[in-house]
Structure formats: C-alpha cells, structure tokens
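Have a look at the structure below before the remarks.
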There are 2 protein chains.
Amino acid sequence: MKYSTSKENYVKAIFHLQEAHGLVTTNALANELQTRAASVTDMLKKLKNQKLLIYEKYKGFKLNQEGRKIALQIVRKHRLWEYFLVEKLHFGWDEVHEIAEELEHISSVALVDRLDEFLGFPKSDPHGDPIPDSQGKLIARVQVDLLQLPIKKSARVSSIGDQSPEMLELLTHKNIGIGTKLEVQKKFMFDNSLEVKLELSGKEMKTVQSETDGGKTIKKQMNNRPLVTISEHVAKNVFVTYEE
Amino acid sequence: MKYSTSKENYVKAIFHLQEAHGLVTTNALANELQTRAASVTDMLKKLKNQKLLIYEKYKGFKLNQEGRKIALQIVRKHRLWEYFLVEKLHFGWDEVHEIAEELEHISSVALVDRLDEFLGFPKSDPHGDPIPDSQGKLIARVQVDLLQLPIKKSARVSSIGDQSPEMLELLTHKNIGIGTKLEVQKKFMFDNSLEVKLELSGKEMKTVQSETDGGKTIKKQMNNRPLVTISEHVAKNVFVTYEE
DNA sequence: AAATATATTTAGATTTGTCTAAAATAAATT
DNA sequence: AATTTATTTTAGACAAATCTAAATATATTT
C-alpha cells in the first residue's frame, strides 16, 4: 500500500515520540509536526481506519505492528539518504536533515536497497543513529549521555540527541563528531558543566566544515583545542558508548 | 518560488510538447498526463495566474521565459538522477524513468549541483538526452532517425524517441544502446524495415541486462548478432549522429 | 452558410489535508 | 466534590487538484 507524504510524516513522528515516551498525546504530536491539535485528531482517525494505529478517543495512541513497520522503512530511507549526502556528496552533518526529509518519501523499494548496497550497508547515519536493515530490524546500542559518563572513563561519541543545526554547529566548532574519543576530566557542581578531554585523530585535526550560503560554499577552520568545556544542556544531548 | 509536484508535472509536460510541436493544445496535454481536459483547463488558469504560461482561451498555449526556466530545471534533475541510477546504482536504462519521476521533484538546488559534480558533470542521460547545465542551458545536437540515415553511412546512436520499457527491452535484446556504432546495410521498400550492421565493442558483447522482479535481480544474456532487422516503427525512434 | 462534429471551458461535486471556533472530556486545584 | 484549567474532539469552512456533465466555441462537412 502507498501512503501520502503527510501520512508518512505523521507515522514517522508518532514512531519517534512513542520510542521516547510510550503512549503519544495529541498535543505532543501537534507540537512535533508544527500543526494544530484538531488536524492531528483528523489524521488519527484516518490512520486508525487504515489500521496503522491503536487509538481510543481521549486516551492517547501508538502505532501497531503494521504502523511500526512503515515507520521503520521511512527511518531507514531517511538515514541512508543522510549517509549518502554526507559520504558521497560531502554535505556537512548539519545540512542534510531537510533534504533527507524530502528524499525519505521516494517510494521505490529497489532504490533503497540498491542505495544501501552502493553505500556498503552502513550501520548508522552521520549523527550516529542506527539504520534499520531491509527487514526493518533496528540494532539499538547501549549508550549514556555525557552527564552520566563516569569521570576519567574513555568513551566514544555514538549519537546526538538534539540535532538542530545550532547544536551541530556548536559541536563541529568544538571538534566533536560521531566517533570522537573523549574523557570527562572534571564536573563542576555549580552549573553541571563539564571539562572534556578530546583524543583527536590526525583526520579530525585537519577537518574543515563546509557550509552553503546562498549557493556559495564557505570553508571554516575549526577549533582544535584538546580540552573543551561543555554545558549541561549540551552534555545531555551527547551520547557515548564505552567498554564494560 | 516553490511549486507543487502536480504543477511541476504540468510544466514539464508542456515543455516537452512545445519542443516537439510549438503551440500545445488542451487535449494533447490531457493525453500526455493521462488526465481529463477539464482538469488541464483548471491548471492552465493557475499557471497563467502565476505567469508561467502564455495562454488565451481556445487558442492553445506555451510556456513563457519563466516557465521554460522551471521546466529546464526539472528536466535537469530528472536526467541527472537517471544517470545516477544507471551509473552508480546499476539499474537498467529501462528501469529508471519512474524513479526519476519522483526524484525530479526534490527541491534542494545545492543537492542537484553536488549530484552533478559527483557524477562528473555528465552531458547526457542514459537514453542519450542532453542534460541542461545549472544555468538551464541545453545543448541540442543535430541528429536524424534511422530511416533518414543514408545507406552504408557509419553513425552512432545518440538518443531514443519512445522510451517505453517495451522499446528499451527490444533495443537491449538486439544489443543497441546509446553510443552503439552502426550502419544501415539495406532498406526494404515493402515495409520500410532496415537491415543494420552493428559494430559491437568488446564491452557491449559482454553486457548483460539486469531486471528486478519482485525484489530479485535477474540477469539476462543478450543477443549478439552483428546484423539485425529493425522495423519502421523502431527505426523512427532511434536517433543517430554522423560525420559531415 | 448551415449542420454536424470536435475541442475546450464552465459549473458544480469530491477528496485530502488543513484551519478556527466551539463543545466535550479529563486533569488539577481549591 | 465542585470548580477551574487544560486537553482533545467535533463541526463547519477552505484551498488544491481532480472529476463528470453540460455549455460554449471552433473546425469540418455537406
């Protein structure tokens, strides 16, 4: 079955909200999709009729098996296209979200599978989020945010919570990306800010950020201090994995 | 300005018809888009209001400068994506049209330009049709169809008129593709059929065709006779270029 | 030139997705 | 428990793109 772009966006948004909070509410979804609660209710009825949703009036809702399957296919497409944009077309990780929001609605299944193969079956997208396989299976990793990482424990950045361009620009400036190895040196109790030591590889030292600004491409040299300060707000949105 | 997918499809279809026949008629466009004449009239009014169209009731219509510019951008995207699908994802030339029909509506200008660069600024798509550059400039080549090609004159296939999967399957089977060198050996006056000698390169001899059939990929070995018979109908749709 | 046939446009309806304003329900507070 | 506040749903409207059926304009024939 084929679904409209709008329906796909609803399904995907419900998926992300239910992964984070279980049952989803009308207002939460309206906020996520930047639309009105009444519009959400309208669409919920359609999704329920199409048997993608478990929904009882006033009681919240979530995707059923079929809805989840569709959501995972959209997520798969979104993340594969992001990977393509960064790895093949050399966009910055803070530039790809909007474009992938369009590309994720291209319907051809053969296209997605060939793209996956062309890219070498990547396991995660440029923000570290796992890419579901062609069966919709998603490998979730154990990860904690920087506030919970024990002091002086070496860890590797695995994904980013808030992926707004502003957040990604900050991280890029401080030379933090997916795969960056780091250690928390000190926690300041006053404001929960952290002092973090980065173990920069040669490649990262040379990295520059590209930005398109009205058609022109601008290259910015990044900061490369090995010791950086991270606010509580940022730390909550940087997830890492570490041994044992 | 941004236009709906539907409007873009109208603009593109008008463009192709006016390139072939000058002024476009309501019925011709309805037929091209597989829709009703009344729907076409409705949309023509909108396109006229948006100043993309020269249109007077009952008198036919065509794109103005602005409309042509938009059409050329869509054509550019369509053909670049087709090139990507064939050259990078290894689809067959008869499998890419429908997918490109979706991809051509992705809006990001930066994406198209980077894709163009990634592909090495190709001049023509897998069917030999020229790809407009980022300014919308289109290089038209002098070409004739096989019926008009003088006998025993060596020529090279440059593009295909009717690009239906059926036509492309026939050509693939007979081992004719873009760039194939050939010579008409004999014309039969009775039915205007042609006997054509192919000069197959090593690469073409080995070529196999891939097809996706319910997810599985099937490889077919092609015919490789150096002498093939071509009907008038096919000959009218195979265009070639030749020296002097 | 009148009659007939074809092409095009208009009028009015339908579907999808959205909205505002009002009503209904649930949750929180006194 | 009653009242207030917040959330959710309904009712009714609107824009975009399409359709059918009827009306109008143009083209073709006799």
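The values are calculated or read from the model by the stated rules, or taken from the named source; none is laboratory data. As the structure is a computational prediction, the values presented were derived from the model and not from experiment. All Cβ positions, glycine included, derive from the backbone under ideal geometry; neighbour counts span all protein chains shown.
Quick one: residue A:20 ticks every box in (1) more than 12 Å from DNA strand D (Cβ to nearest atom); (2) more than 25 Å from the chain's Cα centre (by Cα) except a single one, so which number is it?
(2)
Confirm whether residue A:128 is at pLDDT below 95 and surrounded by 15 or more Cβ atoms within 10 Å (Cβ to Cβ).
The answer is yes for residue A:128.
Which residues, counting only those in segment A:109-160, are touching a residue at least 60 places away in the same chain (Cβ under 8 Å) and hydrophobic (A, V, I, L, M, F, W, C)?
Hits for segment A:109-160 are A:138, A:142, A:144, A:146, A:147, A:149, A:155, A:157, A:160.
Within segment B:3-16, count every residue that is surrounded by 19 or more Cβ atoms within 10 Å (Cβ to Cβ) and either more than 14 Å from DNA strand D (Cβ to nearest atom) or of a type in the set (Val, Ile, Thr) (or both).
The number of residues fulfilling the criteria is 3.
Just a yes or no: is a residue in segment A:171-194 within 14 Å of chain B (Cβ to nearest Cβ), within 24 Å of residue A:72 (Cα to Cα) and in a loop (DSSP other than H, G, I, E, B)?
no
Quick check on my filter: what residues within segment B:185-227 are of a type in the set (A, V, I, L, M) and at pLDDT below 95?
Those that are of a type in the set (A, V, I, L, M) and at pLDDT below 95: B:189, B:198, B:200, B:205, B:208, B:218, B:222, B:227.
Just to be sure, is residue A:62 surrounded by fewer than 19 Cβ atoms within 10 Å (Cβ to Cβ) and either in contact (Cβ under 8 Å) with a residue 24 or more places away in the chain or within 14 Å of chain B (Cβ to nearest Cβ) (or both)?
Yes; evaluated as a whole, the condition is true for this residue.
Check A:72, A:111, A:80, A:103 and return the single one that is within 14 Å of chain B (Cβ to nearest Cβ), among the aliphatic types (A, V, I, L, M), within 18 Å of residue A:11 (Cα to Cα) and surrounded by 19 or more Cβ atoms within 10 Å (Cβ to Cβ).
Of A:72, A:111, A:80, A:103, the one residue that is within 14 Å of chain B (Cβ to nearest Cβ), among the aliphatic types (A, V, I, L, M), within 18 Å of residue A:11 (Cα to Cα) and surrounded by 19 or more Cβ atoms within 10 Å (Cβ to Cβ) is A:103.
Scan segment A:18-34 and report the pairs whose first residue is in contact (Cβ under 8 Å) with a residue 12 or more places away in the chain and whose second residue is among the β-branched types (Val, Ile, Thr) and surrounded by fewer than 18 Cβ atoms within 10 Å (Cβ to Cβ), with Cβ atoms within less than 7 Å and a gap of 6+ or a chain change.
From residues that are in contact (Cβ under 8 Å) with a residue 12 or more places away in the chain, the pairs are A:26/A:41.
Yes/no per residue for (1) closer than 14 Å to residue A:230 by Cα; (2) touching a Cys at 6+ places or on another chain (Cβ under 8 Å); (3) surrounded by fewer than 20 Cβ atoms within 10 Å (Cβ to Cβ):
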site	(1), (2), (3)
A:153	no, no, yes
A:158	no, no, no
A:161	no, no, yes
A:164	no, no, yes
A:170	yes, no, yes
A:173	yes, no, yes
A:176	yes, no, no
A:184	yes, no, no
A:189	yes, no, yes
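Hey, can you tell me all the residues within segment B:3-13 that are within 13 Å of DNA strand C (Cβ to nearest atom) and within 13 Å of residue B:48 (Cα to Cα)?
B:10
Might you let me know whether segment B:111-124 holds any residue that is modelled with pLDDT under 95, not β-branched (Val, Ile, Thr) and not in a helix (DSSP H, G or I)?
Yes, segment B:111-124 has at least one match.
If you check every pair at least six apart or on different chains, which have Cβ atoms under 7 Å apart with a residue in segment A:84-97 that is more than 7 Å from chain B (Cβ to nearest Cβ) first and a residue that is of a type in the set (Asp, Glu) and surrounded by fewer than 20 Cβ atoms within 10 Å (Cβ to Cβ) second?
Filtered contacts from segment A:84-97: A:92/A:211; A:94/A:169.
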